[in-house]
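The values are calculated or read from the model by the stated rules, or taken from the named source; none is laboratory data. Source: prediction; values computed, not measured. Note that we place each Cβ from the backbone using ideal geometry, even for glycine, and neighbour counts take in every protein chain shown. We work out accessible area using only protein heavy atoms, side chains counted, and drop any ligands, DNA or RNA first. Shrake-Rupley method; radii C 1.70, N 1.55, O 1.52, S 1.80 Å.
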Amino acid sequence: GGQNAMIVDSSALPEQVVGDVLVSAFDSAGQRCSALRVLALQDDIADRVLAMLRGALRELAVGDPADLATDVSPLIDVEAARGVRSHIEAMRARGFAVFQAAVPVTTADARIVPPTVIEIDRIGTLTREVFGPVLHVVRWRRTELDRMLDDIAATGYALTLGVHSRIDETIEAVLARARAGNVYVNR
């Protein structure tokens, strides 16, 4: 597992980014070793992508996996859900912006944690992997790509890394520095 990251620059197609983020971060309620944990958005497009992502989260159906309309199901057990909720509340208490999808009031399953997006100041804020439907977002400036790659490498995890860009030089720079078992480009 790990702090699997996706780096998104200003040339990326926001609709594609949001679609890929939803699948990678929230399918299986984020309970996959390769699930997206950190979305690194270039500052120039961050507000637009985040607005689209929040809108998409509002459309997700959270609930019983036996219902074919469900997009995000419960976590493996109550203890796992408690740990994820504890992380979310700790981040909120630290002053980070937290956005969560709605959960129907008729849903009483204690294992459900709504898909959550938390805006953080830097990747180093994260001290452990959060194994659930939680996506951390960090912003970076175009001149800070190397620093962002350093921050990702400093987490000590190297399972997956993604990059969304239509600039060949950016893709090549990320791939040259990638130290991950799985690297995805524009997907």
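Here is a list: Thr107, Thr143, Thr127, Thr116. Which entry is free of Cβ contacts under 8 Å to residues at least 40 places away in the same chain, under 22 Å from Asp64 (Cα atoms) and among the hydroxyl-bearing types (Ser, Thr, Tyr)?
Working: Thr107 fails: free of Cβ contacts under 8 Å to residues at least 40 places away in the same chain; Thr143 fails: under 22 Å from Asp64 (Cα atoms); Thr127 fails: under 22 Å from Asp64 (Cα atoms).
Result: Thr116 is the single residue among Thr107, Thr143, Thr127, Thr116 that is free of Cβ contacts under 8 Å to residues at least 40 places away in the same chain, under 22 Å from Asp64 (Cα atoms) and among the hydroxyl-bearing types (Ser, Thr, Tyr).
Need the failing condition index for Leu22 against (1) open to solvent by 30 Å² or more (accessible area, probe 1.4 Å); (2) without any contact (Cβ under 8 Å) to a residue 12 or more places away in the chain; (3) not in a loop (DSSP other than H, G, I, E, B), just the number.
Leu22 satisfies every listed condition except (2).
In segment 16-44, which residues are of a type in the set (D, E, K, R), closer than 22 Å to Thr170 by Cβ and within 12 Å of the chain's Cα centre (by Cα)? Steps first, answer last, please.
Taking segment 16-44 and keeping what is of a type in the set (D, E, K, R), we get 20, 27, 32, 37, 43-44.
After this cut, where a residue has to be closer than 22 Å to Thr170 by Cβ as well, the list is 20, 37, 43-44.
Within segment 16-44, Asp20, Arg37 meet the criteria.
Collect the residues in segment 25-38 that are hydrophobic (A, V, I, L, M, F, W, C) and open to solvent by less than 10 Å² (accessible area, probe 1.4 Å), keeping them in residue-number order. Please lay out each step first, then the result.
First, pick out the residues of segment 25-38 that are hydrophobic (A, V, I, L, M, F, W, C): 25-26, 29, 33, 35-36, 38.
Once the filter is applied, which keeps residues that are hydrophobic (A, V, I, L, M, F, W, C) and open to solvent by less than 10 Å² (accessible area, probe 1.4 Å), segment 25-38 yields Ala25, Phe26, Ala29, Ala35, Leu36, Val38.
Select from segment 157-187 the residues that are open to solvent by 10 Å² or more (accessible area, probe 1.4 Å), more than 17 Å from the chain's Cα centre (by Cα) and touching a residue at least 60 places away in the same chain (Cβ under 8 Å) and list them in ascending order.
Arg166, Ile167 - these are the residues of segment 157-187 that are open to solvent by 10 Å² or more (accessible area, probe 1.4 Å), more than 17 Å from the chain's Cα centre (by Cα) and touching a residue at least 60 places away in the same chain (Cβ under 8 Å).
Taking the stated definitions as given, is Tyr184 in contact with a strand residue (DSSP E or B) (Cβ under 7 Å, 6 or more places away or on another chain), among the aromatic types (Phe, Trp, Tyr) and closer than 18 Å to Ala35 by Cα?
Values: in contact with a strand residue (DSSP E or B) (Cβ under 7 Å, 6 or more places away or on another chain): yes; among the aromatic types (Phe, Trp, Tyr): yes; closer than 18 Å to Ala35 by Cα: yes.
It is true that Tyr184 is in contact with a strand residue (DSSP E or B) (Cβ under 7 Å, 6 or more places away or on another chain), among the aromatic types (Phe, Trp, Tyr) and closer than 18 Å to Ala35 by Cα.
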